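Okay, so here's the structure we're looking at.
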Number of protein chains: 2
Amino acid sequence: MQPPIDFYFDFSSPYGYLASTRIDALAASYGREAAWRPILLGVAFKATGQAPLLSIPLKGDYAARDIARSARFYGVEYRQPSVFPIGSVAPSRAFYWLAMRDPAGAKRLAAALFRAYFVDDIDISKPENTIATCAKFGLEAASVEAALNDETIKTKLKNEVAMAMNRGVFGSPYIVIDGEPFWGVDRLEQVEKWLANGEF
Amino acid sequence: MQPPIDFYFDFSSPYGYLASTRIDALAASYGREAAWRPILLGVAFKATGQAPLLSIPLKGDYAARDIARSARFYGVEYRQPSVFPIGSVAPSRAFYWLAMRDPAGAKRLAAALFRAYFVDDIDISKPENTIATCAKFGLEAASVEAALNDETIKTKLKNEVAMAMNRGVFGSPYIVIDGEPFWGVDRLEQVEKWLANGEF
C-alpha cells in the first residue's frame, strides 16, 4: 500500500471546497487514499505577504466570478457566503477531534462543514454554528463543544499548521504526492497524470 | 464571423508563453480567431499591489517548479531564463509595429520572441536582442530599430496597456471571450467549454 497523498485545505477556501468534492475519487482511481489536513491559511498569508483573495484590487473581482464559474464547470453546488473569508479554527478543531477516532467520518464531517458554509451560508467560524453543524451530522453537541476547547485538540491543530508551513504550504487546496506539491483545484489534471504515470 | 477573442500576455510571462502555444488552435476549433495583445504586466502589478511571482516567499519556489512541470504537462519546450522577469517594452513594440501591416506575421514573430526568451535564454528586454531576434525572423534590423523608437509605436503600446488596465487585466495570460475573462493557462479548459457551449 502506497502512503496517502496529502490534501491541505482551509475551510474558508472556495477552491479548497471544490477540490474536496473530487480528491478522494481521484486518489482512489489510482489505488491511493487522500489524508485530509485542514489548515489556517491566515498563518501562511503572513509568510507570503498575501492578502485575502477577494480584497485584492482587480484580482478580487475576477476571483469572485471565477469561483462561481469554476463551481459550475465542476458541477458543484456553490453560493458565495455572505461573510467571507472567515477564520476556520472551529471547524478545523472539530475535524481533528473526530479524525483521532474516525478518519473516514472526519472526511464526511468536513464535507458537511464545507457544505454548511458554501451552500447553506452558515458562518462556521462561530463555534456555535460549527457545533450545530456537527450535531446535525450526528455528533453530540456537548462533546463537540468540549473538543473545541480541548488543549490536546488545540495543540494538534497548531502542530498541523506548523508542519504545513514547514513544508511550504501557502495556499488551498495544496496537494502533495510523494513529495511533489500541487497548488489549486486547477492542478487536479496534473495530479491525475502524476498518479497515473509517476513523475513527468 | 464572430469577433476575435482577446489574448493578453506579457512577453516575460512563462504561463503566457505556454498559453501562446495553444490559443490559436483552440480558438480555430470553434471558428474564432485570437487577437494577440502583449501588455506590460508591471503596470498591472502596481494596481494590484502584487510582486513578481518568483520573488514571493514559498510561492516563488513553488512557481518555479510548477512552471517547469506545466511545460512538460503541455509538451512545450521550456528553459527557465537566467534573467527573470524582464521588462517587455522592446518585444511588445516590435510586435505592435509588425501587427499594423501584418497581423498574422506579428503572431509568428511573437512566437519567435517567446522562444528566444524561454528556450534560447536570450534577454529580449534588451533592444539589441529583440532586434537580432526580429532580424533572424526575417525583418530588416534597421527598420525594427527605428520602430522601437517610433512615437506612434510607443503610443500604441501605451494605449494597449491602458485599455487592458481599464478592462481589469491583471495577469498573464488573460483571455476575454465576448466580455468573459479567463486568467491563466489553467483556464484553457474553461475557455474551451465557453467557446463550445457559450455561457455555462
Exercise for the section: Could you pull out the pairs from B:K126/B:K154; A:K59/B:K158; A:K107/A:K156 whose alpha carbons sit more than 19 Å apart here? Expected result: A:K59/B:K158
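Among residues other than B:N166 whose Cβ falls under 15 Å from its Cβ, what is the net charge (Lys/Arg +1, Asp/Glu -1)?
Working: positive: B:R37, B:K46, B:K158, B:R167; negative: A:D61, B:D6, B:E160.
Taking every Cβ under 15 Å from that of B:N166, the sum is +1.
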Exercise for the section: Among B:W194, B:S55, B:A116, pick out the residue whose Cα is farthest towards the positive end of the charge dipole of chain B, where Lys and Arg carry +1 and Asp and Glu carry -1 on C-beta, about the Cα centre. Expected result: B:S55
Practice task
Using the 7 Å Cα-to-Cβ label point, sort the distances from B:P52 to its equivalents in the other copies shortest first and give them in nm to one decimal.
Solution key: 3.1
Problem - Mean shadow area of the protein assembly as shown, taken as a quarter of the surface of its Cα convex hull (nm²) - result: 20.1
Completion exercise
For the stretch A:1-70, shape from the Cα gyration tensor axes a ≥ b ≥ c, cut at a/c of 1.5 then a/b versus b/c, turns out oblate
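Grab the other residues whose beta carbon is less than 12 angstrom from that of B:P85, score K and R as +1, D and E as -1, and report the net.
Details: positive: none; negative: B:D10, B:D123.
Once positives and negatives cancel, what remains is -2.
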Problem - Long-range HN-HN contacts of B:I39 with modeled amide H, under 5 Å - result: B:F9, B:D10, B:F11
Exercise for the section: Give me the accessible area per residue for the stretch A:1-143, probe 1.4 Å, as a whole number in Å². Expected result: 43
Exercise for the section: Rounded to whole Å and ordered largest first, report the semi-axes of the equivalent ellipsoid of chain A derived from its Cα gyration tensor (root of 5λ). Expected result: 24, 21, 17
Exercise for the section: Distances from A:R65 to the same position in the other copies: list them in nm, one decimal, shortest first, using label points 7 Å from Cα along Cα→Cβ. Expected result: 3.3
Completion exercise
homo-copy label distances at A:R79 (7 angstrom along Cα-Cβ), nm, one dp, ascending, are 5.5
Problem - Stokes-Einstein D for the stretch A:84-200, Kirkwood Rh over Cα pairs, 10 °C, 1.306 mPa s (µm²/s) - result: 102
Fill in the blank from the handout: Unit-weight point scatterers at every alpha-carbon of the stretch B:70-152, Debye formula, q = 0.17, 0.19 1/Å: log10 I(q)/I(0) is -0.65, -0.79
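Shape verdict for the stretch A:123-179, please, from the Cα gyration tensor: rounded (a/c under 1.5), prolate (a/b greater than b/c) or oblate. Present the calculation step by step, with values, prior to reporting the outcome.
On the way: a/c = 2.70, a/b = 1.94, b/c = 1.39.
Cα axes put the stretch A:123-179 in the prolate bin.
Net charge within 14 Å of B:D24 by Cβ-Cβ distance, Lys/Arg positive one each and Asp/Glu negative one each, not counting B:D24 itself? Walk me through the numbers before you get to the answer.
Working: positive: B:R22, B:R32, B:R37, B:K107, B:R108; negative: B:D6, B:E33, B:E192.
With Lys, Arg at +1 and Asp, Glu at -1, the net is +2.
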Exercise for the section: Could you quickly flag the chain B residue whose beta carbon comes closest to the rotation axis taking B to A, and that distance in whole angstrom? Expected result: B:D186, 2
Problem - Highest-MSF residue in chain A out of A:V83, A:V119, A:V176 [GNM, Cα springs under 10 Å] - result: A:V83
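Nothing charged except the Cβ atoms of Lys and Arg (+1) and of Asp and Glu (-1): what's the magnitude of the dipole of the stretch A:96-146 about its Cα centre? Round to the nearest 20 debye.
Working: 6 positive and 7 negative charges, 50 e Å.
That gives a dipole near 240 debye.
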Practice task
Could you let me know the centre-to-centre spacing of the stretch A:35-96 and the stretch B:103-120, using Cα atoms, in angstrom?
Solution key: 37
Exercise for the section: Summarise the long-distance tail of P(r) for the stretch B:157-196 by giving the % of C-alpha pairs beyond 17 Å. Expected result: 32
Handout entry: Accessible area of B:K156 in the full protein assembly, 1.4 Å probe (Å², nearest 10)
Key = 70
Problem - Within the accessible area of the stretch B:1-124 (1.4 Å probe), percent carbon and sulfur - result: 56
Problem - the stretch A:138-200 versus the stretch B:137-183: alpha-carbon centroid distance in Å - result: 41
Exercise for the section: With a bin width of 5 angstrom, please list the P(r) values of the stretch B:90-129 as percents of all Cα-Cα pairs, from the 0 bin to the one holding the largest distance. Expected result: 6, 27, 31, 22, 12, 2
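The values are calculated or read from the model by the stated rules, or taken from the named source; none is laboratory data. Quick caveat, the model's predicted, so the values are computed rather than measured. Note that we place each Cβ from the backbone using ideal geometry, even for glycine, and neighbour counts take in every protein chain shown. To get the accessible areas, we keep the full protein, side chains included, count just its heavy atoms, and leave off ligands, DNA and RNA. Shrake-Rupley method; radii C 1.70, N 1.55, O 1.52, S 1.80 Å.
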